[in-house]
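Peer 1: Following this message is one structure expressed as structure tokens.
What follows draws every value from the coordinates through simple rules; no lab data is involved. Remember, it's a predicted structure, so these values are computed and weren't measured experimentally. Reconstructed Cβ throughout: ideal geometry from the backbone, glycine too, with neighbour counts over all protein chains shown.
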Ligand SMILES: [Fe+2]
């Protein structure tokens, strides 16, 4: 009796703290108030961080899985500009269009993550997608169609980092499982550029380490779900220090149902293509 098993809706009741974050009840007064609160924070600051969104047992299971799948994690260590464009060698070395930063991390692709992994079940639930669309004020939102990149687990080992960059997408969703002992902080410069003003001088100052006072830290305790608008906020993850790796997931969405990485990007991040 398929109608009774309801296989189209993976269960995530054990994954999310639904008492605090009622994503299963968004049409209620309480649900609507919750969405409005998130939306107001995101619109005002470019960030909405929901601490303790994922229950501790689910977080522990994801950390365990990241360890167990460690040999499947694809290492990337490369340099790029903050814009992910070819460096312009005709400009002075300090110009952000020329200057390169380093990103190094290990990524476990979606197809390696077991179907019953807690946060994979959550990612695949329509309730989460509906909640995210509501906070972003979008009529429709789709989970990525990429078999490798839609949902993955990223580990930053000691010495690894994410270089300063602007996102090429409008927003990103991350779940933190395990922060580093020290280092591994998510720093960002809110509103550093706008649609009309690239503010190359301001960006160059951040890259030169001369703008510490204007930087913010995205809090990231185990189990937090964060919305981040990274198109205008320059951001990076500082090098991991100590012996504890930083482990998180990025949840990928798009406004089209067929969104996938191109082959080149797929090769860089996973060492293969999904074809
Ligand atoms: Fe980013």
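Peer 1: Rounded to the nearest Å, what's the spacing between the alpha carbon centres of segment 224-260 and segment 47-118? Just the number, please.
Peer 2: 7
Peer 1: Extending each Cα 7 Å along its Cβ direction at residue 28 and residue 196, get the distance between those two points in nm, one decimal.
Peer 2: Roughly 4.5 nm, to one decimal.
Peer 1: Also: What ranking do 27-36, 177-186 get when scored by the average of other Cβ atoms within 10 Å per residue, highest first? Display every interim value, and only then the final one.
Peer 2: Working: 27-36: 13.1, 177-186: 20.4.
Per-residue mean Cβ counts within 10 Å order the peptides as 177-186, 27-36.
Peer 1: Given R₀ = 25 Å, what would the calculated FRET efficiency be for residue 212 paired with residue 244, taking r from the Cβ atoms and rounding to 0.05? Don't skip to the answer; put the middle values down first.
Peer 2: Details: r = 25 Å, r/R0 = 0.99.
So the FRET efficiency works out to roughly 0.50.
Peer 1: A follow-up question, please. Between the helical axis of 29-45 and the dominant principal axis of the chain, each derived from Cα atoms, what acute angle in degrees is found, rounded to the nearest 10?
Peer 2: Value to nearest ten degrees: 0.
Peer 1: Also, quick follow-up: Report the FRET efficiency, 1/(1 + (r/R0)^6), for residue 18 and residue 91, where r is their Cβ-Cβ distance and R0 is 51 Å, rounded to 0.05.
Peer 2: The computed FRET efficiency comes out at 0.50.
Peer 1: Could I ask something else about it? How high is the relative contact order of segment 12-270, given as a whole-number percent (alpha carbon pairs under 8 Å, six or more residues apart)?
Peer 2: Relative contact order here is 27 percent.
Peer 1: Compute the Rg/Rh shape ratio of the chain: radius of gyration over Kirkwood radius, all on alpha-carbon atoms.
Peer 2: Reported Rg/Rh, Kirkwood definition of Rh: 0.96.
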